[in-house]
Structures are given as structure tokens and as C-alpha cells.
Amino acid sequence: MRMCDLKNKIGNEMEQVQTLICNNAVMVFSKSYCKFCNKVKEIFRTENIDFHSIELDLMDTEGKIIQDALAELTKQTTVPNVFLNGKHIGGCDATEKLFRDGTLVERALGTYQKRDFDLVVIGGGSGGLAAAKEAASLGRKVAVCDFVTPSPRGTKWGLGGTCVNVGCIPKKLMHKSALLGCDMKDATHFGWEMAEQAKHNWEKMAQEVKMHIMSLNFGYRSELMLKKVQYYNAYATFLDKHKLKLVDRNQKVTEITADNILIAVGGRPNYPDIPGAREYGITSDDLFYLPHCPGKTLVVGASYVALECAGFLAGFGLDVTVMVRSILLRGFDQQMANMIGAHMESHGVKFLKNTVPVSVTEKSAGSPGELTVTYRMSDGEVGEQTFNTVMFATGRSPCTANIGLDEIGVELNARNGKIVVDKYERSNVKNIFAIGDVRDSTPELTPVAIQAGRLLAKRLYGKCDEPMDYKMVPTTVFTPLEYGCVGYSEEDLTESFDAGDVEVYHTHFQPLEYTLPKRDQDKSYGKLICLKSAGEKVVGFHVLGPNAGEITQGFALALKLGAKKSDFDDLVGIHPTCAEVFSTMFITKASGISVEKSSC
Ligand code: FAD
Ligand code: NDP
């Protein structure tokens, strides 16, 4: 009930209070010394909302009578006591809640209409699910729309997004499968007598991986149900900034509205614009679901996806070629990238460097068939080779093209199609947010999307002000010899700092597990990049070796907390491990002393 409707039900002494509430769209009963009152007024100023306030402590006895009248009207004895368009809102917490969830302006203007949901998330991947679950835990009414458009080859999958279905999870399981092959070869050196030579069975592995993924898909659906998040298995497009059109696989159309909408639609793989790419090529979206072994494979591209997939395919004993347009792992420390390449080469992966594909044609059909790839090298020379499978790992594009963002004016980065947001993940349209792979200037990594999603929900519906910290994000490339890093590369540093200010400590190391099989001598390596002017603060950590992901995760915390080289020196190592080399790393690159062949 509007407070002004109560007018006749209460005594005359209330008249002044009633008049103030009725005559002012935004009315704040305040006390001049109260920090919560000042906070509320500051919020209205920030939002450019006109408000009227009276300071009860500056009104002698009248102030006390008004406060008593307010207590009778609202059962709230404290200030600030806030009314929007005649409706009692509450105090500072209640006003802040509306400010955070984005509905304060509409409520102040009297244009607010109750919508179906507090939050709708478009995209049920790593980021979207994290945000939806967090918002629901904070008591909000939430929906998730997720729809997988099949790949050009017709591959499709369930709820969970890229990581679960066509990214981290199948990739890591296949990486593990390849590592097991290596371990089996090593096993004889550790006394195991192998009855017969082990053979890799693609179909069996792919089936096991698929079953695991399906169990994860089921788990995500159950979690949403448990948290009372409404799930729509439908493709979402914007009708206006608060309204979405959802189309399911049977073309059934539903319309829903929400106060806030989070875009977490991720990206999909690119195909090069050459004849035959889409008809005959596959991408990582298909590889993990191939029902047959890919056979002799060409991987086009030279970054994360290309090198990881080439690595595990070669680990299964397949003939694998990587076609590199320019450099390996653009954006990464190039010394480390080239060491990865050298290690892969020593394990039989072929590299066609400075080369781009020109066309793909079918030589013979089959499972797999044979494909002829024509390619051009940077010197203009043209070559041709036959492969069973051609996989494009030539980057990914955000799914922003067909969701109606033009119509509602959401700003995209024209160079990459990603959504431009502020540090609170808010786009230029106030109630629309973006996180994960679709957010501009974001590392495309699952934990980044998850963290950003959780924090966003907490900022909107909880009591958190913290923006996501996109600095010092650790990552690992799961090549046969894993590469983990956090912080700056050597190239980054020479761009940002004086070369004389940078000190690099480094060493090769021989993992104990490689000694008996005499495997990969001098291939494992670590380095710490330090800034002399900051007391040798460690600003870059790089490790190439077994379990680099596990090692990097721990040390990333040290870098985030600002550890110096002396802290690493003070650390007592765990013996015998690979990670211990970082507590005994004393040779600088500048000294020129050889770091090869140091061993346990
Ligand atoms: P996604 O997980 O891509 O989810 C987006 C969802 O939205 C999808 O389900 C999509 O179908 C859906 N969608 C799109 N448009 C619409 C629409 N209009 N309506 C409804 N639904 C829609 N990261 C790591 O940290 N570690 C790794 O080891 C790793 N390995 C990877 C390996 C590969 C091969 C690939 C491709 C990626 C890998 N990544 C890895 C990256 C990681 O998978 C992504 O960063 C992460 O999944 C991004 O999450 P997201 O929530 O932004 O989007
Ligand atoms: P990237 O954008 O990182 O790399 C694309 C690669 O394809 C580059 O080597 C690029 O070469 C090459 N390329 C692009 N276009 C062409 C073309 N027309 N012809 C030939 N080569 C071409 O994409 P990825 O797909 O590898 O990875 C996408 C993201 O997914 C990564 O940034 C990462 O964040 C995430 N990811 C994370 C993983 C992890 O955490 N372990 C694993 C896999 C993916 P050039 O350098 O010359 O441009």
C-alpha cells in the first residue's frame, strides 16, 4: 500500500510526514551526522537521482516527533528512512540493494515494472553457470538459457559450455591418455615386464570421455534444479534491453524479461577462408567426438589448441604435422614456446613453418578418408600433402553476431567482436553485463570466467564491491611436456621496463622419473623473471616439465602476494620434486653460465 493512501488513517501529527512523502518522488529522512544517511544520499547523487532530504537532528523536538511518526508508519525506528514514489523502501542496506541490482533509477522514476527474473544468463558455460548459481544462492530469481549450435560437421553436446564439452575436460583426459602411453614405455625401465606392446584404442577412449562428459552435463542440470535456477535449453536473442526471445530445438518461442542480463555466450572456432575448409576440415569442437581414430593428421594453427591437440595425437602414435603461420604460442614467452616446439619435434611431431593452407579437397571418402591439402610457404613455394584428418585450430570468435546486440546498442570491440565492459563487467547498456570468453580484454580461461561470474553476482546481489582481478592469471599449456606460467614473459618486460632492470634466473632440470628411461635430457626448464628496482620482486614465473600445471598453481599465489627472489631462496624445497628447483635457482641469464645437465 502506498504511504499516502494511509493519510486518513493516521493522526494529524503525521500530516507533515505524509506531505513530504507524497510531494517528493524520492524522500530521505536523515540525520546530518549519520554515515549511512550520507551513503544513501551519495548513491542518489551518483545515479543522478533528484531527492529531497530533511535532517531530523537539526529540527529540535519536531525531528523526534517525525521520527516517531515514521516508526509508526513503517515499523522502522532508524534513519535513513527512504521512500520512492510514496513507497517505503527501508534504510541504507535496502537502498544499496536496489542500487546494486540496477533497479534504483527506474523505481525512483516510478517506471519500474516487475519482470520475470532478477537475472537471466545467456550461456550455460563456465562463467554463466557460476554467476547463475551464485545469484540464486543470494536469493534471486534466476534463469539460464543455453543452446549449442551444432558444428558444421553436426557435432553437438550438452549443458556446461566449452570447457566441459569441447575444451579443458576432454583435452586433459586425452592428454592424460597420451602421457600414459609414454609412462608405459618408461615402465620397463622400472622393472615392469609388459606382456605385449600396448596399443591405443581411440574408440574406447572417446567413448569413456563422452560418458564422463555426459555425467557432468547431468550434474550441471541437477545443480540448477537444486538451486531453483530456471533452465531454458534455447537460443536467446535480445528483443529489447530487458526482454529476450528464446527459441528451442523444436522452434518453440518463449519470451522472458529480466532486470539484469548477463551475456556469457563464449566463442566458437574459426575456419580459414579457403576452399574445402568447412566441408572437409574439423575443429576441436569435433575432434573430441570423432567416432574413429583421426589417423594421419594436419593441425593448422600454432597456439594453445593446436599444440595441445597435436601433442596428444602424437602421443597415441599418430603421424602429426603442425602448420605454423608465424610463431608458436603468440603472446607467450618465446624462449619457452620454442622449447615446447623442440620437445614436440623430438617426439615425432612435424612442423611446417611459415606456411598457410590454400585448399582442402577430398581424395577418398572414408572413416577417416583421405584429404589433399595444398599449402603455401612464405617464400611463395606451394606444396601438397595427403592427410586423413585436417583440424583447424586457427583461433576462436565470440558468439555476438546473431543475438540482437546492434538493436539495443551494446558496444562491441570492432576488431574482435567482443563486448566492451567496465571493471565491473557492465556494458554501455547499464543492465547488461558480459563475462568469460565474450568479454573484451580477458584471458580465455575457465577459472577466469568462473571467478568473474561469481564476483559479478556477489556485487549485484550480495555485499561485495570487489572487481575481478585480471592480473597475474596463471595458465598452463598441456603439451606433452607441460608449460606453466604466470606474470610477465621476457618479451613483455623488455617492452615495459628498462632492460637493465630485469634479472632472469634460470635452470634446466632433469625430473627424477625421466632418469631411468633416460628420457628428455635437458628439456625441462624453469625461470624466474625479477625486477631489480623492486628488490628483485618476481614478476614472471615459467616452468616447462611434467605436472607444470600443478606447480604453477602454487607458485602463482606467491607472485600474486608480491614474493621476491629472496623469498624463493628462503623457501625450503620438497625433495625429490621438480618444483624444488625454484628454491635453488642461482644462475642468472646475464652471467652466461651454462644451465644444462643439472640433475637431482
Ligand atoms: P562457454 O563455456 O563457451 O559457454 C558459452 C555457452 O553459451 C555455450 O554453451 C554456448 O553454446 C552458449 N550460447 C552461445 N550463444 C548462445 C545463445 N545466443 N543462446 C543460448 N546459449 C548460447 N581453459 C582453461 O582454463 N584450461 C584449459 O585447459 C582449457 N582448455 C581448452 C581447450 C580447448 C580445446 C578450448 C577450445 C578451450 C579451452 N579452454 C581452457 C578455454 C575455456 O574452455 C574457456 O575459456 C571457457 O569455457 C569460457 O567459458 P564461457 O563461460 O565464457 O563460455
Ligand atoms: P589463438 O587465437 O590463441 O591462436 C590461433 C592460432 O591460429 C595462432 O597460432 C594463429 O597464428 C593461427 N591462425 C589464425 N588464423 C590462421 C590462418 N588463417 N591460417 C593459419 N593459421 C592461422 O587460438 P586457440 O584456438 O589456440 O586458443 C583460443 C583460446 O582458448 C586461447 O587464447 C586460450 O585462452 C584458450 N585455451 C586455453 C587452453 C589452456 O588453458 N590450456 C587450451 C586451449 C585453449 P598467428 O600467431 O600467426 O596469428
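The values are calculated or read from the model by the stated rules, or taken from the named source; none is laboratory data. It should be emphasised that the depicted structure is a prediction, and the values quoted were computed from it without experimental measurement. Don't worry about glycine lacking a Cβ; one is built from the backbone with ideal geometry, like all the others, and counts go over all protein chains shown. Accessible surface is based on the protein model in full, side chains and every heavy atom, while ligands, DNA and RNA are left aside. Shrake-Rupley method; radii C 1.70, N 1.55, O 1.52, S 1.80 Å.
Tabulated results
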read-out: Cβ-Cβ under 6 Å pairs, at least 6 apart or on other chains, region 162-186 side under 16 Å from ASP286 (Cβ atoms), far side not in a helix (DSSP H, G or I); value: THR162/GLY125; THR162/GLY266; ASN165/TRP157; VAL166/PHE288; PRO170/PHE288
read-out: Residue within region 245-265 that is within 16 Å of ligand 2 (Cβ to nearest atom) and modelled with pLDDT of 95 or more present; value: yes
read-out: Of the criteria (1) away from ligand 1 (no atom under 16 Å from the Cβ); (2) within 16 Å of ALA393 (Cα to Cα), which one LEU329 fails; value: (1)
read-out: Any hit, region 280-287, residues being more than 16 Å from ligand 1 (Cβ to nearest atom) and more than 26 Å from PHE541 (Cβ to Cβ); value: yes
read-out: Test result for ASP522, farther than 23 Å from ILE340 by Cα and surrounded by fewer than 21 Cβ atoms within 10 Å (Cβ to Cβ); value: no
read-out: Any pair with Cβ under 9 angstrom, 6 or more apart, that starts in region 428-453 at a residue that is within 18 Å of CYS168 (Cα to Cα) and open to solvent by 20 Å² or more (accessible area, probe 1.4 Å) and ends at one that is within 12 Å of ligand 2 (Cβ to nearest atom) and assigned to a strand (DSSP E or B); value: ASP437/GLY267; ASP437/ARG396; ASP437/PRO398; PRO443/THR475; GLU444/GLY267; GLU444/ARG396; LEU445/THR475
read-out: Lone unmet requirement of (1) farther than 30 Å from CYS293 by Cα; (2) in contact (Cβ under 8 Å) with a residue 60 or more places away in the chain for LYS243; value: (2)
read-out: Number of the exception - GLY276 against (1) open to solvent by 50 Å² or more (accessible area, probe 1.4 Å); (2) within 30 Å of PRO368 (Cα to Cα); value: (1)
read-out: Helices (runs of 4 or more DSSP H) wholly inside region 115-229 that include at least 1 residues being more than 16 Å from ligand 1 (Cβ to nearest atom), open to solvent by 70 Å² or more (accessible area, probe 1.4 Å) and of a type outside the set (Val, Ile, Thr); value: 126-137, 168-187, 202-226
read-out: Residue in region 395-427 that is most open to solvent (accessible area, probe 1.4 Å), counting only those that are within 30 Å of LEU328 (Cα to Cα) and more than 16 Å from ligand 1 (Cβ to nearest atom); value: ARG415
read-out: Residue identified as open to solvent by less than 70 Å² (accessible area, probe 1.4 Å) and within 12 Å of PHE29 (Cα to Cα) among GLU55, GLU106; value: GLU55
read-out: Strands (runs of 3 or more DSSP E) enclosed by region 262-374 - at least 3 residues per element that are in contact (Cβ under 8 Å) with a residue 60 or more places away in the chain, within 30 Å of ALA135 (Cα to Cα) and not small (Gly, Ala, Ser); value: none
read-out: So ARG221, is it more than 15 Å from GLY395 (Cα to Cα), of a type in the set (D, E, K, R) and within 25 Å of the chain's Cα centre (by Cα); value: yes
read-out: Single match in SER378, SER367, SER397 (criterion: within 24 Å of the chain's Cα centre (by Cα) and polar (S, T, N, Q)); value: SER397
read-out: Single residue of region 491-513 satisfying the filter (more than 31 Å from the chain's Cα centre (by Cα) and free of Cβ contacts under 8 Å to residues at least 40 places away in the same chain) that is least open to solvent (accessible area, probe 1.4 Å); value: ASP501
read-out: Unmet criterion (only one of (1) under 43 Å from the mean Cα position of the chain (by Cα); (2) open to solvent by 10 Å² or more (accessible area, probe 1.4 Å)) for VAL82; value: (2)
read-out: Positions within region 322-358 being closer than 19 Å to VAL543 by Cα and within 11 Å of ligand 2 (Cβ to nearest atom), in sequence order; value: LEU328, LEU329, ARG330, GLY331, PHE332, ALA337
read-out: Options SER126, SER137; residue that is modelled with pLDDT of 95 or more and within 16 Å of ligand 2 (Cβ to nearest atom); value: SER126
read-out: Failed item, numbered, when TYR483 is tested on (1) near ligand 1 (Cβ under 9 Å from one of its atoms); (2) among the hydroxyl-bearing types (Ser, Thr, Tyr); (3) buried (at least 20 other Cβ atoms within 10 Å of the Cβ); value: (1)
read-out: Selected residue [modelled with pLDDT under 95, surrounded by 16 or more Cβ atoms within 10 Å (Cβ to Cβ) and among the hydrophobic types (A, V, I, L, M, F, W, C)] from VAL581, VAL595, VAL543; value: VAL595
